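> Mind having a look at this structure? Questions to follow.
The values are calculated or read from the model by the stated rules, or taken from the named source; none is laboratory data. The structure presented is a predicted model; accordingly, all values stated were derived computationally and were not measured. Don't worry about glycine lacking a Cβ; one is built from the backbone with ideal geometry, like all the others, and counts go over all protein chains shown. Surface accessibility is based on the protein's heavy atoms, side chains included, excluding ligands, DNA and RNA. Shrake-Rupley method; radii C 1.70, N 1.55, O 1.52, S 1.80 Å.
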Amino acid sequence: MAAVVGVTSPAGAAGPPDASGPAGAAAPPVRVLIVDDDALVRAGLSMILGGLPDLTVVGEATDGGEVPAAVAAYTPDVVLMDIRMPRVDGLTATEALRAQPHPPEVLVLTTFDADEQVLRALRAGAAGFLLKDTPPAEIVHAVRRVAAGEATLSPTVTRTLIAHVTAATPGPAGPDPRRERALRLLTGLSERERQVAVALGRGHTNAEIAGELFMSVATVKAYVSRLLTRLDLNNRVQVALLVHDAGLV
């Protein structure tokens with residue numbers, strides 16, 4: 001199976017972004033914390049990321065239980081977080097981290113591209129996920145995009161995740177708090193916002209949504225940004241999962 005990167009990758013993105021600050025000053029490098037119990041994985045990621053001028057590996061942790069202290073000590077911009085660790089797993093660590101004020105972005109590392117653990121991480125606010133066999137250039141690109149605030153999952157990955165959660169989750173036999181919460185949040189949207197949210201739930205691209213709803217792509221992007229703000233979510237896959245929870249797709 002080909003490696004999947006949960007972060008959209010436009011063409012021509014192999015080089016570092018223009019990180020110039022005021023008066024042409026270079027922005028400080030993106031600070032990365034690596035959390036994995038496998039020493040070889042940590043060494044490989046450090047080698048991939050450590051030799052680039054715009055990225056720097058500021059620290060490592062071997063278990064999710066070490067994450068709060070490591071984040072406090074190293075103040076990373078991005079955390080590469082393994083899911084499966086022996087004491088405190090990456091999901092628990094991600095949920096705790098994302099609940100903090102002004103947390104770093106999280107990219108989860110996994111050997112699976114659509115399982116319940118990935119879904120849980122994304123619901124918790126992870127910016128995306130990377131398979132551990134993802135090519136080095138794509139890992140670099142994913143870290144750069146997430147650090148730049150472009151934490152969007154690709155439509156293909158969104159569709160895969162939604163298909164998985166639809167197949168894996170039986171209909172509720174009684175009151176479903178997740179469904180009730182999703183319906184309550186979506187009820188507060190305008191009709192147009194709701195239409196865009198449902199289209200995201202179907203895994204459609206901005207261009208596809210623009211065609212369906214007779215908008216410009218720029219207008220769709222504005223609606224997506226508005227949805228994230230109004231629903232207090234981190235990325236479009238969380239909107240998609242919310243729409244699924246509400247039973248609208």
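> Quick check on my filter: what residues within the stretch 200-214 are open to solvent by 20 Å² or more (accessible area, probe 1.4 Å) and in contact with a helix residue (DSSP H, G or I) (Cβ under 7 Å, 6 or more places away or on another chain)?
Within the stretch 200-214, His204, Thr205, Asn206, Ala207, Glu212, Leu213 meet the criteria.
> Let me ask you something else. Say we look at the stretch 79-118 and pick out the residues that are in a loop (DSSP other than H, G, I, E, B) and small (Gly, Ala, Ser); which of these is most open to solvent (accessible area, probe 1.4 Å)?
Once the filter is applied, the top-ranked residue is Ala99.
> Being part of a loop (DSSP other than H, G, I, E, B), open to solvent by 30 Å² or more (accessible area, probe 1.4 Å), more than 19 Å from Arg145 (Cβ to Cβ) and of a type outside the set (Asp, Glu) is the filter here; which residues of the stretch 216-249 pass it?
Of everything in the stretch 216-249, those that are part of a loop (DSSP other than H, G, I, E, B), open to solvent by 30 Å² or more (accessible area, probe 1.4 Å), more than 19 Å from Arg145 (Cβ to Cβ) and of a type outside the set (Asp, Glu) turn out to be Ser216, Gly247, Leu248, Val249.
> Would you be able to tell me the number of residues in the stretch 175-199 that are surrounded by 15 or more Cβ atoms within 10 Å (Cβ to Cβ), more than 10 Å from Asp245 (Cα to Cα) and of a type in the set (Gly, Ala, Ser)?
Adding up the residues that qualify gives 2.
> Now, a different point. Just the residues that are modelled with pLDDT under 80 and touching a Phe, Trp or Tyr at 6+ places or on another chain (Cβ under 9 Å), please, taken from the stretch 123-171.
Scanning the stretch 123-171 gives Leu153, Val157.
> If you don't mind, another one. Working only within the stretch 28-73, note down all residues that are farther than 24 Å from Pro86 by Cβ, of a type in the set (Lys, Arg) and part of a helix (DSSP H, G or I).
If the condition is that a residue be farther than 24 Å from Pro86 by Cβ, of a type in the set (Lys, Arg) and part of a helix (DSSP H, G or I), then no residue fits.
> Just need a number here: residues in the stretch 50-63 that are open to solvent by less than 70 Å² (accessible area, probe 1.4 Å) and in contact with a strand residue (DSSP E or B) (Cβ under 7 Å, 6 or more places away or on another chain).
Qualifying residue count, the stretch 50-63: 8.
> While we're looking at this one, here's another question. Find all pairs meeting these conditions: Cβ atoms under 6 angstrom apart; at least six residues apart or on different chains; first residue within the stretch 134-159 and closer than 18 Å to Ile34 by Cβ; second residue at pLDDT 85 or above and in a loop (DSSP other than H, G, I, E, B).
Ala147/Asp77
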